[in-house]
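A.B. asks: Quick one: this structure, given as C-alpha cells, is what I'll be asking you about.
The values are calculated or read from the model by the stated rules, or taken from the named source; none is laboratory data. Because the structure is a prediction, the values reported are computed rather than measured. Cβ coordinates were reconstructed from backbone atoms using ideal geometry, including for glycine residues, and neighbour counts include every protein chain displayed.
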Amino acid sequence: MAKTNRPTTEHPPTFLEQQEQKTAKVDTIKPRRPARESTKHKRYESTRVETGIVRRVRRDGTGKPAYEASVWVNGRALSKTFTVLRDARRWREENLGRRATGDAKIPQDRRITTGQFVKTVWFPWLDEQIRFDILQPSTVLWYKIGAKRLVSEIGHGRLSKVDKVMLRKMLSSCIEAGNSESVLHQLRASTRSVLALAVERDILTANPSGSMSGKNAPRALRRPTSDPKAWSEGEAQAFLRYVQGDRLEALWILFLGSGLRRGEALALRWEDIDLDERTVTVTRSLIQINGRATMSYPKTEDSKRTVVVGESVVGTLQTLRRIQAAERLAAPQWHDAEGLVFTTSEGVWLRPEFVTRRLKRIVAEAGLPWIRLHGLRHTMASLALQNGIDVATVSERLGHASVGITVEIYLHGSKESDRAAADVLDAALHG
C-alpha cells in the first residue's frame, strides 16, 4: 500500500470555506403572483356628474344607476355609493364640512372580520370605558363573555357583511343549543355594543342588532319555575329568627332593612355608618373579578345615597362592632386597613361569592323557599310597597334612577294580598 501525506479522514470545512460556499449559492426568488386585473371598468360605464360624484350604470343595461361620492381626507379617499343623487350630495357636503373642521373620520378596513374587530378594536374600547369611569370592570367582563359567543358563531366572516339574517340565524342556533334567556340577553347586549362601535367607525352604515330583540325575534322558552323572587312577610320573619347568633346576622338584617346590593353592603366602612342618626352611606361597591375581590364604584351615580335604617339594624351593628374589636385584639395579624364593617375573624374581606353560598346553605337548612341573594333586596322593596310606603321613598332607598324601575321590577304581590283582593271582589259582586 502506497504511503501518502493525505489524512485518512477529511477535515470539516473552515469558516472561510463555508462563507465562500454560501456566496456561491444562487438565491432563488419566487416569482411574484400577478395582481388580479380589475374588471369593474368593463362591467360599468362611469360618468362624472359633478366634482366628487360619479354616476355608474351597467354596460348590459340591467340594474339601476348608482352614484358614488368621494372625499379626500389626509391623503385617503373616502367613498360611499348611493342610489339617489340627493343622498350622495348630502353625504359629500357633510364630509367636506367635517374635513374643514378636522372632524372627518378615517374608516376602518372594511375587510376586517368580526373576530378581529372584537379583539383589536372593541376590547381596547371597553378597557377605555373603565379608565374613564363609564363602565365598571364587572360590567366589562360581562360584555366580553357575551362577545366570546358572538366570535364563536360569526367571528370568521367580514364585519361589513353582518346583517339581520345572519344575526337571527346566530340567535336561533344559540337557542337550539339550550342556552337560557339570560345567556341570550348577554349575547344581544354584546352584539349591540360591537355593532354600534362598527357603525361609529364607518364599517357598517346601520346597526342591524335590532332584529335580535324585536317583537318577532327568536326567543328561548322560559323554563317553568316555582321559586319566588321575594319572600312574604312571614317568611322574612322566619329567616331572621333562624339567623340569630349567626356570624353574619348583622349583614342579613342589613340586607332586609336597607335594600343594599351585595357589593354595596360588603364595601361599607364604619365611617360610612352613623349609629346615632341611624344612617348608612353608600359610596363604593365590592365586586369580584376572576375570583378576586376588588373595590369599585357603585352601579350608577344614583346608587350613591344615604339610607336610614331601623333600630334592629343599629342594634346588631353595635354588637358586631364589639365582636370585631375583640377579634382584632385576639388575631395575630389584622389584614383590614380600611375599617370594613364585614370581615372574617382575621380582618380579611368577605368575597361576594362566599356570602351567596352561605345564604344558600342557610335557606336550605331553614326550609324556606329558595331566593337569590338579590331576592333580599326584592323582599325589602316589596314589603315596603305592600305596607303603604310611597314608591318615591322606596326608589330613593334602592338608588334607582326613576320610579318606574322600582314599580316594574320590585312591586311583587303576595298570597295574602291576593286573598284579600278576592274577598273584596266577592263582597262587591254578591253583597
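A.B. asks: Check every one of the strands (runs of 3 or more DSSP E) wholly within the stretch 263-318 and list those with 3 or more residues that are touching a residue at least 40 places away in the same chain (Cβ under 8 Å) and under 16 Å from residue 130 (Cα atoms).
C.D. replies: Counting at least 3 such residues, we get 285-289.
A.B. asks: Can you list residue pairs whose Cβ atoms sit under 8 Å apart, with the first residue in the stretch 181-192 being assigned by TED's automatic domain parsing to the domain that holds residue 167 and surrounded by fewer than 21 Cβ atoms within 10 Å (Cβ to Cβ) and the second being among the charged types (D, E, K, R) and at pLDDT below 90? Count only pairs 6 or more apart in sequence or on different chains.
C.D. replies: These pairs meet every condition: 181/219; 181/222.
Per-residue answers, yes or no, for (1) at pLDDT below 95; (2) under 30 Å from residue 139 (Cβ atoms); (3) over 30 Å from the mean Cα position of the chain (by Cα):
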residue	(1), (2), (3)
256	yes, yes, no
279	yes, yes, yes
294	yes, yes, no
298	yes, yes, no
325	yes, no, yes
332	yes, no, yes
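A.B. asks: For residue 167, indicate whether it is under 28 Å from residue 138 (Cβ atoms), in contact with a Pro (Cβ under 7 Å, 6 or more places away or on another chain) and hydrophobic (A, V, I, L, M, F, W, C). Show your work before the answer.
C.D. replies: Values: under 28 Å from residue 138 (Cβ atoms): yes; in contact with a Pro (Cβ under 7 Å, 6 or more places away or on another chain): yes; hydrophobic (A, V, I, L, M, F, W, C): yes.
Judged against the criteria, residue 167 is a match.
A.B. asks: Further, regarding this structure: Identify all residues within the stretch 194-211 that are small (Gly, Ala, Ser), assigned to a helix (DSSP H, G or I) and surrounded by fewer than 19 Cβ atoms within 10 Å (Cβ to Cβ); write none if there are none.
C.D. replies: Of the residues in the stretch 194-211, the ones small (Gly, Ala, Ser) are 196, 198, 206, 209-211.
The next check asks that each one be assigned to a helix (DSSP H, G or I); those that pass are 196, 198, 209-211.
196, 210, 211 - these are the residues of the stretch 194-211 that are small (Gly, Ala, Ser), assigned to a helix (DSSP H, G or I) and surrounded by fewer than 19 Cβ atoms within 10 Å (Cβ to Cβ).
A.B. asks: Select, from 247, 241, 262, the only residue that is of a type outside the set (Gly, Ala, Ser), closer than 20 Å to residue 361 by Cβ and buried (at least 16 other Cβ atoms within 10 Å of the Cβ).
C.D. replies: 262
A.B. asks: While we're here: Among the listed residues 171, 96, 141, identify the single one that is touching a residue at least 40 places away in the same chain (Cβ under 8 Å) and farther than 25 Å from residue 296 by Cα. Break it down into steps so the answer makes sense when it comes.
C.D. replies: Working: 96 fails: touching a residue at least 40 places away in the same chain (Cβ under 8 Å); 141 fails: farther than 25 Å from residue 296 by Cα.
Of the residues listed, the single one that is touching a residue at least 40 places away in the same chain (Cβ under 8 Å) and farther than 25 Å from residue 296 by Cα is 171.
A.B. asks: Looking at this structure, is residue 161 of a type outside the set (Asp, Glu) and under 17 Å from residue 195 (Cα atoms)?
C.D. replies: The answer is yes for residue 161.
A.B. asks: Next question. If residue 77 satisfies every condition in (1) over 30 Å from residue 154 (Cβ atoms); (2) modelled with pLDDT under 90; (3) not in a loop (DSSP other than H, G, I, E, B) but one, which is the exception?
C.D. replies: So residue 77 meets the others, but not (1).
A.B. asks: Now for a different question. Out of 325, 337, which single residue is surrounded by fewer than 19 Cβ atoms within 10 Å (Cβ to Cβ), part of a helix (DSSP H, G or I) and either among the small types (Gly, Ala, Ser) or in contact with a helix residue (DSSP H, G or I) (Cβ under 9 Å, 6 or more places away or on another chain) (or both)?
C.D. replies: Within the list 325, 337, the selection yields 325.
A.B. asks: When you scan the stretch 270-280, do you find a residue that is closer than 25 Å to residue 372 by Cβ and among the hydroxyl-bearing types (Ser, Thr, Tyr), even just one?
C.D. replies: no
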